Amino acid sequence: MHAAGSRWLLRRGGVAGWLGACLWAGSVLAGAYDPLTQAELDRAVQLAQADQRFKTLQARASRLELLFVERHEEGKSQTAGDERPARRADVFAYLYGQEQTLHAVVDLNRGRVDQLSAQAGVQPPLNPAESRRALDLALADPQAGKVIRDEYRAAAGRALQSAADLRWRALIFYADAHPAAAEGEASACGAERCAQLLLTTRDNTVVNVMPLVNLSRNAAVASAPFVEN
Amino acid sequence: MNRLESVMSLTQPLCLALALLAWTGPNTAMAAPPPGPALPVNCSGDYRVDKTLSNGARWTLCWEPRFLEGVVLRDVVYTAPQGEPVLVLSRANPAQIHVPYDDNGARFHDVSDYGLGGPHLARLDSADCPEGELRSNGERPVVCLKVVNRGYVTKYYTTALQGEALRLYSVSHVGEYNYIYDYGFYDDGSIEFAVGASGKLQIYTRNAEKGEKYGWPLGALQYGVSHVHNYYWRLDFDLAGVDDDQVEELAFPPEDETRETRIKVQTAFTEEAARTVEPENFRSWRIKDTRLTNADGHSISYHLEADPAHRFLGPDYEPFTESEVYITRYRLCERFASHNPSWNGCAEDAPGFVNGESLEGEDLVLWYGQAFHHLPSDEDEPKMHTHWSRFYVRPRDLNSESPLTSSAAASQEAHPHSHAH
């Protein structure tokens with residue numbers, strides 16, 4: 001970011017570079033589009049979590065998963081070369097039990113939460129903990145787990161010992177995006193939070209099954225559409 | 001603010017004073033702001049791109065890594081040689097990668113449901129960016145910038161003019177796929193939008209009946225399942241500013257049933273619209289400024305020449321696949337062609353964005369979709385060769401003559417009408 005740019009100038013230009021960096025850093029400190037720093041991101045989460053509305057929603061949920069935080073994109077007219085541009089953050093979290101996504105807009109310059117709402121039917125991508133939970137649920141399920149183990153053996157030539165034998169990525173799954181796959185617990189996916197798992201062996205051989213897991217119900221879906229005959 | 005920023009802001013007045021005292025002219029020129037008319041710069045450090053190509057053409061822009069969209073481009077400004085800066089795009093980014101498999105075994109929406117940014121935006125190193133410049137997001141290099149020789153600008157008998165382009169690319173991994181988003185900023189003002197699909201195949205089958213019907217045989221006892229990559233782009237053109245832009249469709253249907261002649265049909269969109277490609281009539285679109293003209297009195301514009309090799313029409317529940325081009329009024333919540341987050345009632349897909357709103361005097365956004373049907377082959381293993389889907393937007397009447405070939409013609413052609421060979 002600007003810090004890296006300053007170091008670049010220092011390497012290139014010595015003292016003159018440092019002076020230029022000071023001048024430049026002061027005038028272009030945190031451009032309006034620059035991503036938030038780690039410190040800004042951390043502060044945004046702290047401010048959101050301290051908000052009474054956040055606490056109320058968290059208390060009602062069976063589990064709250066922090067999803068991601070990034071710079072809040074301002075409307076176009078609000079970014080017209082401001083001297084001190086807005087530094088606001090979007091904080092997203094999922095409220096299990098309530099089946100809603102929480103969205104807070106945090107103003108870092110003013111140290112306050114500008115708006116906070118929760119809505120159903122919006123499913124931002126899964127965080128690493130959710131992806132791992134989806135895998136664990138799939139492996140523990142009698143039907144899905146068996147298919148995974150059979151397909152792992154076909155791909156790796158040996159038995160699956162544990163999750164450590166796998167690489168996994170998980171996408172959000174919506175029932176209405178793939179009606180043919182949306183059976184059983186998967187039919188509520190979208191309104192509820194569901195994962196579709198992509199699996200490979202540790203040496204990157206694809207495992208021929210893409211289990212569906214409804215995280216809101218802690219249930220793996222029988223992966224019938226993906227079973228090899 | 002973090003500690004570094006606090007220190008920097010506190011020392012700024014002192015730095016300013018010392019800088020003024022130490023100013024010695026040319027030796028400190030590299031610390032001075034870049035030359036040319038002042039434009040608001042809304043980014044800093046590695047996120048700021050300002051490149052002047054060998055012939056004097058200049059591109060400036062900002063890039064921002066975002067969690068879902070990946071690398072977003074902003075404030076893209078072109079300055080022709082000896083020209084004035086022209087804002088072309090306020091924002092450009094991937095608006096979806098939709099990947100339905102021919103056997104209906106999966107239907108992915110990668111940008112919205114997985115995200116091209118965050119941990120999925122690949123860390124690049126020198127092997128990713130040979131002879132280029134790595135740009136970082138914090139401590140993580142994620143963008144490669146390089147100026148490349150792009151071949152002939154023009155060739156005319158003894159005139160041979162070679163050109164350059166600035167390329168900016170990043171890589172996002174989604175499962176087995178690694179998508180390369182590669183933008184080309186040409187010396188003539190053209191912009192190339194390219195996606196490279198690389199990595200490894202995601203879905204196989206050992207079922208011979210399924211494999212023969214929906215895929216291609218690969219390796220031992222396996223078939224790669226065929227699939228389509230639908231790449232959508234959100235292009236927020238603001239040609240020479242937000243105001244006074246208009247999208248116009250151009251087509252050249254036969255004048256009559258003899259098909260001996262073709263007529264030009266220009267349709268300006270006054271309302272939001274969804275349009276399909278129509279290669280048999282050479283259908284294309286341009287974004288023009290209704291107020292600003294070049295020295296010949298022609299409206300300045302940028303032209304999107306669709307050149308589709310494949311077209312994907314999906315099932316009823318994928319209405320966003322019905323059209324390749326959407327022209328909508330700017331709305332910040334409208335981000336993805338499908339699976340758009342429906343915060344506060346925002347529509348869920350591009351067809352939903354088109355709801356009869358007037359475009360006259362409004363801020364416009366152009367959406368464009370390109371399809372590629374991937375039939376796997378043995379060459380896709382052990383790792384795939386990159387397959388590129390690309391399109392271009394080119395200046396149309398931005399200047400009253402070519403800013404590149406006019407100076408070349410003056411310097412290189414002594415006898416323009418004598419053909420010695």
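The rows are residues; the columns are (1) within 14 Å of chain A (Cβ to nearest Cβ); (2) under 29 Å from A:ASN208 (Cβ atoms); (3) of a type in the set (Ser, Thr, Tyr).
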site: B:GLN96; (1), (2), (3): yes, yes, no
site: B:ASN149; (1), (2), (3): no, no, no
site: B:LEU161; (1), (2), (3): no, no, no
site: B:TYR186; (1), (2), (3): no, no, yes
Matching option when the condition is touching a helix residue (DSSP H, G or I) at 6+ places or on another chain (Cβ under 7 Å), farther than 24 Å from B:ASP349 by Cα and not aromatic (Phe, Trp, Tyr), among B:GLY241, B:GLY314, B:GLY297, B:GLY224:
B:GLY224
Got at least one residue in the stretch B:29-48 being within 8 Å of chain A (Cβ to nearest Cβ), touching a Lys or Arg at 6+ places or on another chain (Cβ under 9 Å), over 30 Å from B:ALA337 (Cβ atoms) and at pLDDT below 50?
yes
When the residues of the stretch B:205-257 are narrowed to those that are under 22 Å from B:ASP110 (Cβ atoms) and aliphatic (A, V, I, L, M), which ends up surrounded by the most Cβ atoms within 10 Å (Cβ to Cβ)?
B:VAL225
Considering the stretch A:176-193 alone, what residues qualify as being more than 10 Å from every other protein chain (Cβ to nearest Cβ) and without any contact (Cβ under 8 Å) to a residue 40 or more places away in the chain?
A:ALA182, A:GLY184, A:GLU185, A:ALA186, A:SER187, A:ALA188, A:CYS189
Across (1) within 14 Å of chain B (Cβ to nearest Cβ); (2) over 21 Å from B:HIS173 (Cβ atoms); (3) in a helix (DSSP H, G or I), A:ALA129 clears everything bar (2)
Please find, among A:ARG43, A:ARG87, A:ARG71, A:ARG53, the residue that is within 28 Å of A:ILE172 (Cα to Cα) and free of Cβ contacts under 8 Å to residues at least 60 places away in the same chain.
A:ARG71
Among what's in the stretch B:338-356 and is facing another protein chain (nearest Cβ under 10 Å) and either among the hydrophobic types (A, V, I, L, M, F, W, C) or open to solvent by 30 Å² or more (accessible area, probe 1.4 Å) (or both), pick the residue that is farthest from B:PRO315 (Cα to Cα).
B:ASN344
Can you tell me which condition B:TYR302 does not meet? The list is (1) open to solvent by 40 Å² or more (accessible area, probe 1.4 Å); (2) of a type outside the set (Val, Ile, Thr); (3) farther than 30 Å from B:HIS227 by Cα; (4) within 19 Å of the chain's Cα centre (by Cα), and all the others hold.
(1)
Which ones in the stretch A:132-146 are part of a helix (DSSP H, G or I) and open to solvent by 30 Å² or more (accessible area, probe 1.4 Å)?
A:ARG132, A:ARG133, A:ASP136, A:LEU137, A:ALA140, A:PRO142, A:GLN143, A:LYS146
So is A:GLY97 open to solvent by less than 30 Å² (accessible area, probe 1.4 Å) and either over 18 Å from the mean Cα position of the chain (by Cα) or closer than 21 Å to B:CYS333 by Cβ (or both) or not?
no
Among the candidates A:ALA170, A:ALA163, A:ALA177, which residue alone is within 23 Å of the chain's Cα centre (by Cα) and within 17 Å of A:GLY121 (Cβ to Cβ)?
A:ALA177
Subset of the stretch B:174-195 (residues that are farther than 26 Å from A:VAL206 by Cβ, part of a strand (DSSP E or B) and open to solvent by less than 10 Å² (accessible area, probe 1.4 Å))
B:TYR183, B:GLY184, B:PHE185, B:ILE191, B:GLU192, B:PHE193, B:ALA194
Can you go through A:LEU66, A:LEU57 and tell me which one is within 14 Å of the chain's Cα centre (by Cα), over 21 Å from A:VAL221 (Cα atoms), surrounded by fewer than 21 Cβ atoms within 10 Å (Cβ to Cβ) and away from chain B (no Cβ under 12 Å)?
A:LEU66
Across the stretch A:33-54, the tally of residues that are crowded, with 17+ Cβ neighbours inside 10 Å and facing another protein chain (nearest Cβ under 9 Å) stands at 5
Quickly run through the stretch A:155-205 and pick out the residues that are over 19 Å from B:PRO100 (Cβ atoms) and open to solvent by 60 Å² or more (accessible area, probe 1.4 Å).
A:GLY157, A:ARG158, A:GLN161, A:ALA164, A:ARG167, A:TRP168, A:GLU185, A:SER187, A:ALA191, A:ARG202, A:ASP203
Of those in the stretch B:115-167 that are part of a loop (DSSP other than H, G, I, E, B) and open to solvent by less than 40 Å² (accessible area, probe 1.4 Å), the residue farthest from B:GLU69 (Cα to Cα) is B:GLY132
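The values are calculated or read from the model by the stated rules, or taken from the named source; none is laboratory data. None of the values given here were measured: they were computed from a predicted structure. A quick note on method: Cβ atoms are made from the backbone with ideal geometry, for glycine too, and the neighbour counts reach across all protein chains shown. All accessible areas refer to the heavy atoms of the entire protein, side chains included, with ligands and DNA or RNA removed. Shrake-Rupley method; radii C 1.70, N 1.55, O 1.52, S 1.80 Å.
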